[in-house]
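The values are calculated or read from the model by the stated rules, or taken from the named source; none is laboratory data. The model shown is predicted, which means the values in this text are computed figures rather than measured ones. Cβ atoms come from the backbone with ideal geometry, glycine included; neighbour counts cover every protein chain shown.
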Amino acid sequence: MDDKAHKATVIAAVIGLVGAIGAAVITNYDKIFPAADKSAPTAAPSSNMASALSPSNTASALNSTKTGGDADAPARPRSKRFLGALDGIYISDKKDQLTVDWDKRSFSLLHSNCAIEGNIVEAEDFWKVVVVGTDGICSLIDEDDIGTEVGNITPVKGVISNSGHLGSAVVNFDKAGLSELSGVYQFAAWDVEGLRKKMAEETGK
């Protein structure tokens, strides 16, 4: 009788222990057997990738695709070296005299008894010519032309001298009345004194 009671006690204890372990396993199942994360972790884009995907670079790449160019190609450099060398007195084959003061961004043009003064405004690789006044007797300029762009001066890039001045420039006037002043102007001297000296030397030859 005592043996049966002892076995029953042991069995009850074992059942209780198994039940307790089972309850603990069920309660902590997610910790013991964590579910596999089906969604793969998303890696943060590298700085290079983020830069490549930036709106500006994306637009640049699209534009490059449209134009057939290289998105990384540098912008075309400006021709400041040639524009800055346009300084001094230039004479056309018609003996018109163009004086350019690069520091003041101004010019004066003498044609027979007609004097025109104005400003030069830098563009990509030429100067825009804007008339600001005349000597008052110049029939080539109307009052409506004052303060307006009437043409441009384009440096001839291959003719810069060792002294730094531009050898020649092409002057084009959009205004029909000034078309006779258009043409190629050749460098003559840095200033009026130099021009007089040069003319005196040529006269004495």
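Structure above, values below:
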quantity	calculated
Any chance LYS128 is at pLDDT below 90, surrounded by 14 or more Cβ atoms within 10 Å (Cβ to Cβ) and of a type in the set (Lys, Arg)	no
Residue within the stretch 18-33 that is under 60 Å from the mean Cα position of the chain (by Cα), part of a loop (DSSP other than H, G, I, E, B) and modelled with pLDDT under 80 present	no
Residue match in the stretch 134-151 (condition: farther than 26 Å from ALA85 by Cβ, touching a helix residue (DSSP H, G or I) at 6+ places or on another chain (Cβ under 7 Å) and in contact (Cβ under 8 Å) with a residue 24 or more places away in the chain)	yes
Residues of the stretch 152-173 satisfying the condition of being modelled with pLDDT of 85 or more, aliphatic (A, V, I, L, M), surrounded by 17 or more Cβ atoms within 10 Å (Cβ to Cβ) and more than 23 Å from the chain's Cα centre (by Cα)	ALA169, VAL171
Residues being more than 14 Å from GLN186 (Cβ to Cβ), of a type in the set (Ser, Thr, Tyr) and modelled with pLDDT of 90 or more - total across the stretch 64-112	2
Residue within the stretch 137-146 that is within 22 Å of LEU195 (Cα to Cα), exposed (fewer than 13 other Cβ atoms within 10 Å of the Cβ) and of a type outside the set (S, T, N, Q) present	no
Residue that is nearest to ASP96 (Cα to Cα) [pool: residues in the stretch 174-205 that are without any contact (Cβ under 8 Å) to a residue 24 or more places away in the chain and surrounded by 13 or more Cβ atoms within 10 Å (Cβ to Cβ)]	SER179
So PHE187, is it more than 26 Å from the chain's Cα centre (by Cα) and within 17 Å of ALA85 (Cβ to Cβ)	yes
Residues located in the stretch 182-195, provided they are in contact with a strand residue (DSSP E or B) (Cβ under 6 Å, 6 or more places away or on another chain) and either farther than 18 Å from THR154 by Cβ or assigned to a helix (DSSP H, G or I) (or both)	ALA188, ALA189, TRP190, LEU195
Index of the failed condition, SER108 passing every other in (1) of a type outside the set (A, V, I, L, M, F, W, C); (2) over 14 Å from SER182 (Cβ atoms); (3) in a loop (DSSP other than H, G, I, E, B)	(3)
